[in-house]
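The values are calculated or read from the model by the stated rules, or taken from the named source; none is laboratory data. None of these values were measured; they are calculated from a predicted model. Heads up, the Cβs are rebuilt from the backbone with ideal geometry, glycines too, and the neighbour counts pull from every protein chain shown.
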Amino acid sequence: MIKILKFIFKNQFKASKSLDKSGGFTLVELLVALAMSSIIITLLLQFMISVITTDSDEEIKINSEQEIQIALDYISRDLQEAIYIYDAAGINAIKPQLRYPNDNTKTPILVFWKREILDNDSAGEDNSSLVVYYLDNSSSTIWSKAARISRWQIKKNNPGFNPFNIAQSNTVEDAMINWKKSGTAYTDAADVLIDYVDQTTDSPPAATCPANTTTPPITWSTITPSTITPSTITPSNGMTGFYVCVDKANTTAKVFIRGNALARRESNPNLIKYENGKKSYFPTANAIVQGAKSGY
């Protein structure tokens, strides 16, 4: 019996030694396996990050496109009630009478008078109100680093409002250009209509206007009289993220908006400038709108 047990233990010991020699991994094998695993994991992570980034980019592009179209539709509906649209010279003439005459970060781009029906007027008396759309690049802790479009309106019973007077003017244009606000200070501020508008000034796409139209000069510092034509508009004129081409004679305007989707993910202003290689991040929309007949 003892000899049998010795024989079993002896064979078991040999088997254990054989397993130890053939069943383990060398250090080199472990290092190679670790390196291969790291490469595979890195590639998988890069793929996942790429998928997530692409999905996020597409989402911010879609959001920008939708918001621009909504803003353009709103402005278009507003313009359909216009009875007089100011061109560049007209905006320059009445800028001192507007809400922000000395604020160089708020440029009046679209200014017009529209019909207004007030609820408290008997028999639905027809009135007019003044509407101004600004390109706003003021610094803000609420809004993005891009520009914004804001809207200001003054109408009957608002502080500072004063109706224009056709009877005391030679022409409708004279009445509009020579309009003066009342002595009461304005109290209503402009409301932001849309954020994330392209704010590029050094090399944006040039503004283009249909023939026989003019557009307010695209600068931040001042509005000056101008008869800008498509051939004279250059990118160095300033921002073209929001501009309007005015056909005053036909009470018609072409409104153009270019968004800036990059501003939704970047906080550095230097990283959200327009570049041809990033054109897809700057969706555009435009519409030509004819206002109502003035009747004057």
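For region 179-192, give me each residue that is within 15 Å of I91 (Cα to Cα) and either surrounded by 15 or more Cβ atoms within 10 Å (Cβ to Cβ) or among the β-branched types (V, I, T) (or both).
W179, K181
List every residue pair whose Cβ atoms lie under 7 Å apart, where the two residues are 6 or more positions apart in sequence or sit on different chains, the first residue falls within region 62-84 and is part of a strand (DSSP E or B), and the second residue, located anywhere, is crowded, with 19+ Cβ neighbours inside 10 Å and among the aliphatic types (A, V, I, L, M).
From region 62-84, the pairs are Y84/M176.
Filter region 186-204 down to the residues that are touching a helix residue (DSSP H, G or I) at 6+ places or on another chain (Cβ under 7 Å), under 17 Å from E275 (Cβ atoms) and of a type outside the set (F, W, Y) and list them by number. First the steps, then the outcome.
Residues of region 186-204 touching a helix residue (DSSP H, G or I) at 6+ places or on another chain (Cβ under 7 Å): 193-194, 196, 203-204.
Applying the additional criterion that residues be under 17 Å from E275 (Cβ atoms) yields 196, 203-204.
Answer for region 186-204, where residues must be touching a helix residue (DSSP H, G or I) at 6+ places or on another chain (Cβ under 7 Å), under 17 Å from E275 (Cβ atoms) and of a type outside the set (F, W, Y): S203, P204.
Counting only residues that are acidic (D, E) and touching an Asp or Glu at 6+ places or on another chain (Cβ under 9 Å), how many does region 248-296 have?
Our first condition is that a residue be acidic (D, E); within region 248-296, this holds for 266, 275.
Imposing the further condition that a residue be touching an Asp or Glu at 6+ places or on another chain (Cβ under 9 Å) reduces the set to none.
So the answer is 0.
A89 versus (1) in a loop (DSSP other than H, G, I, E, B); (2) modelled with pLDDT under 90: which is the lone unmet condition?
Answer for A89: the failing condition is (1).
Cβ-Cβ distance below 9 Å, separation of 6 or more or different chains: which pairs start in region 151-172 with a residue that is touching a residue at least 60 places away in the same chain (Cβ under 8 Å) and surrounded by fewer than 15 Cβ atoms within 10 Å (Cβ to Cβ) and end on one that is among the hydroxyl-bearing types (S, T, Y) and assigned to a loop (DSSP other than H, G, I, E, B)?
I166/Y296
Is there any pair linking a residue in region 250-263 that is closer than 26 Å to E81 by Cα to one that is of a type in the set (S, T, N, Q), with Cβ under 6 Å and at least six apart or on different chains, and which?
Taking only residues 6 or more apart or on different chains, the pairs are T252/Q290; F256/N286; R258/T284; G259/S64.
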